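Visitor: First, the structure itself, so that you have it in front of you.
Derivation of every value follows stated rules applied to the coordinates shown; laboratory data play no part. This is a predicted model, so every value here is computed, not measured. Backbone-built Cβ (ideal geometry, glycine too); neighbour counts: all protein chains shown.
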Amino acid sequence: AEAGAGCGLGVSPPPWGGFGDVVGETKRQLKRTTLVAASDLRAGGGVEVVGVPWLLQQFGTPPAQREALLHCEHAVSGEDYVGGASSLSLGGFSGIPLADMPPQLASSSLTPDWWPSPLPVLTLSMGGASAARYRLSPWGSAAIHHLLWGAQLFVVAPPTPSNLRLLQQSGHEAGGGGGGGGADFPRRLAGAQVVMARGGQTLLLPSGWVHASLTVEDSASICWRWQPREQLAAALAVVRADWGELAAEVRLAGAVAIDSLTRSMWDLLASEVREASRAPPGAPLKPAQATLLRALSGYLDRRRACTPRAVKLPGALLERTAALLSQS
């Protein structure tokens, strides 16, 4: 609240008139931006681990006197609150208003059950700072960005085959910068749009959308990863792709229990096959149902050698799935 009061809620129009201006401003500001991956805001000093007093002091510096622009991303947990709860709820952490995902979204998300679920992320970003590296949400999940105060400009583009190839190319380049694919990488994104979000507004990025952001004014936002059943097929297509140097980021390498996740996918496939088998003989599958079955079976077939032992007769289940799809 103290930091927000100093920012002011009156948002002036950004000085950029179109996509080309955003690209130019992003490149100009990138060298001034310092990404602080603050997993713990309660500690003191340092760059990767910062304290709240230090952070507020930086934001309290007049913009004209700032030598670097901070873009701080902090994973929110129950320990951030006095007497904070640590038990998991559908939205993240029960009893924490800031961190809880809106219940209407949480109830339709696979995340609480088994989909990789990073903690809600609180972002504090100075005006002019740029999260310029184009990226996807981990595991191709949809993302919900809610601006608490300030204003941010997003460049967003749908996950068309050409757009995903551009991002893949950047991951195979030396260093895996994520903004590569050629000097004009952003301009080559098909269907790219510039979206302005102000305090109190929420931006939903569907599964697999390519995005980058530029902070217009000192801002704070909260972000949740949201994986609805309807977008699972899109997310699996993203995860299956070859990402080169970006693979660890896209797939949250080391942070996900792959065996448990794979078993959950087999369970979901079995459940979907049972449901589809209840239809009258010869009846075609519903389009959404066929899409989900095709995506799940394709992903699991490629990973059949890694199937957990607890999964019984995976080959037979894939054959039943193929038979159902052949009728669709």
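Visitor: Within the range 304-328, what residues put their amide N at less than 15 Å from the label point 7 Å along the Cα-to-Cβ vector of ALA279?
Guide: Counting backbone N atoms under 15 Å from the label point, the list is 320-328.
Visitor: Mind running the shape call on the range 198-240? Use the C-alpha gyration tensor, a ≥ b ≥ c as the square roots of the eigenvalues: rounded below 1.5 for a/c, prolate if a/b tops b/c, oblate otherwise.
Guide: Prolate shape, in that a/c is at least 1.5 and a/b is the bigger ratio.
Visitor: Right, here's the next one. Identify the residues of the range 228-249 with backbone N under 17 Å of a label point that sits 7 angstrom from the Cα of SER328 along the Cα-to-Cβ direction, or state none.
Guide: It comes to 229-238, nothing else.
Visitor: Give me the three principal axis extents of the range 248-287 from the C-alpha atoms, as integers in angstrom, largest value leading.
Guide: Extents along the principal axes: 44, 18, 8 Å.
Visitor: Under a 5 Å amide H to amide H cut-off, with H placed in plane at 1.01 Å, what residues pair with ASP100 once short-range neighbours are removed?
Guide: Here the answer is PHE93, since their amide H atoms fall under 5 Å of that of ASP100.
Visitor: Related question: Taking the Cα of GLN104, stepping 7 Å toward and past its beta carbon, and measuring to each backbone N in the range 185-203: which are under 20 Å?
Guide: 197-203, by backbone N distance to the label point.
Visitor: A further question on this structure: Working from the alpha-carbon coordinates of the range 206-328, get Rg over Rh, Rh being the Kirkwood radius.
Guide: With Rh from the inverse mean 1/r over Cα pairs, Rg/Rh is 1.05.
Visitor: Measuring from label point to label point, each 7 Å out along Cα→Cβ, what is the GLU245 to ALA190 span in nm?
Guide: About 2.6 nm, to one decimal.
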